[in-house]
Amino acid sequence: MPETSRRGLLFGTAAISAGALLTACTSNEKKDEPAANEQPVDDKPGKAVTIGFAGPQADHGWLAAINANARAQAKKYSDVTLDITEGSNDTAAQIGQIDSLINKKVDVLVILPADGKALTQAGLKAMRAGIPVINLDRIFADPQAFRCYVGGDNYGMGVNAGKYIGEKLKDKPNATVIELSGPDSLELTKQRTQGFDDALKNYPNIKKVARQAADFTVESGQAKMAQLLQAQSKFDALWNHDDDQGVGALRAIDQAGRDGFLMVGGAGAKSAMDAIKADNSVLKATVLYPPIMASTAIDLARALGQSKGVSGMAGLEIPAQVTLFSAVVDKDNVDEYLPQGFS
């Protein structure tokens, strides 16, 4: 497990606090004053930056945690003003909110689009107006619509879920697994499924025998899990893409009185981590999709607004992309990750 993922931020406050990148010179030469963006950003107050934040409606635990992380990170800096919209799942409404932030002439925009493809033009409009965009999580269809992308590793999430289940079942002949995915309309769902399927290819004794797509809600998780249980009288493992819908899945499992298999969740909800720690249900692990990516986005937006780079990187600018690691949390390391669990 990389040290950076344990700290929670790939390029967060902890990583952005080293000394300035100075131009090398000999002992008998006078040091030139470094340009502004030759110095990495740090915690000391600098140029005032107004960051606009536009995301979808926080109708899901993970999305609520995104907003909470963005607000908390912005409050750490006296030089940052965060202008956050109410949030909407309606494309036209979110475009209107972004237009409002553009008209306010914010210094940097952080956008988590309800639909990346549908909101691409909004990102392009901001960039053309001279406002750099940090594209969070759901990626725009055109790379010209953002200056930096910050997100989780959906494919890696599926790979790590598959590896965890594979290692648990590698010595079991003719093992079977089922999958409770997120909405198939989302590209991230396809990536998670592809990663899972690719990982299982390393375990020829394991076969995926069923899959149902839910909607990242408790109700859909319960309904779709009930269907899977009715169709599959026996299986050895279940991978559920999302811990919110996993609450419903566990209800269906309890109502059916089923056990004898292991369940791996996704995202990293506190309720899932509590269940993993208690070790009294089929849920044995969850694969993180860290909402602390919003904190990383705020840090990078601040650096961008102050024309500074990132400590530890040779370039004078922030990176073009930051992808957070999807760690597997089980009973062996759950105490380490519990503080990151979201409600």
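The values are calculated or read from the model by the stated rules, or taken from the named source; none is laboratory data. This is a predicted model, so every value here is computed, not measured. A quick note on method: Cβ atoms are made from the backbone with ideal geometry, for glycine too, and the neighbour counts reach across all protein chains shown. The area values use the complete protein model at the heavy-atom level, side chains included, leaving out ligands, DNA and RNA. Shrake-Rupley method; radii C 1.70, N 1.55, O 1.52, S 1.80 Å.
A few remarks follow.
- Of all residue pairs spaced 6 or more apart or on separate chains, those with beta-carbon atoms under 7 Å, a first member in the range 225-237 that is over 22 Å from residue 164 (Cβ atoms) and a second member that is outside any helix (DSSP H, G or I) and open to solvent by 10 Å² or more (accessible area, probe 1.4 Å) are 227/212; 231/210.
- Any hit, the range 29-44, residues being under 20 Å from residue 320 (Cβ atoms) and either at pLDDT 95 or above or of a type in the set (Lys, Arg) (or both): no
- Verdict on residue 255 being more than 21 Å from residue 42 (Cα to Cα), touching a residue at least 24 places away in the same chain (Cβ under 8 Å) and out of contact with any strand residue (DSSP E or B) (no Cβ under 9 Å at 6 or more places or on another chain): yes
- The range 59-78, subset crowded, with 16+ Cβ neighbours inside 10 Å and assigned to a loop (DSSP other than H, G, I, E, B), residue farthest from the chain's Cα centre (by Cα): 77
- Those residues of the range 161-201 which are over 19 Å from residue 261 (Cβ atoms) and in contact (Cβ under 8 Å) with a residue 60 or more places away in the chain, in sequence order: 182, 187, 192
- Condition check for residue 254: in contact with a helix residue (DSSP H, G or I) (Cβ under 9 Å, 6 or more places away or on another chain) and acidic (Asp, Glu): no
- Any hit, the range 163-170, residues being among the basic types (Lys, Arg) and either open to solvent by less than 50 Å² (accessible area, probe 1.4 Å) or in contact with a Pro (Cβ under 7 Å, 6 or more places away or on another chain) (or both): no
- Qualifying positions in the range 195-220 - open to solvent by 90 Å² or more (accessible area, probe 1.4 Å) and within 20 Å of the chain's Cα centre (by Cα): 215
- Test: residue 216 is farther than 28 Å from residue 336 by Cβ, part of a loop (DSSP other than H, G, I, E, B) and not acidic (Asp, Glu): no
- Selection from the range 263-301 of residues that are within 15 Å of residue 160 (Cα to Cα) and assigned to a strand (DSSP E or B): 263, 264, 265, 266, 267, 284, 285, 286, 287, 288
- In the range 304-336, the residue that is most open to solvent (accessible area, probe 1.4 Å) out of those that are over 12 Å from residue 288 (Cβ atoms) and part of a strand (DSSP E or B) is 321.
- Subset tally (residues that are without any contact (Cβ under 8 Å) to a residue 40 or more places away in the chain and over 25 Å from residue 215 (Cα atoms)) for the range 60-101: 9
- Residues that are touching a Lys or Arg at 6+ places or on another chain (Cβ under 8 Å) and open to solvent by less than 60 Å² (accessible area, probe 1.4 Å) occur in the range 86-98; there is at least one.
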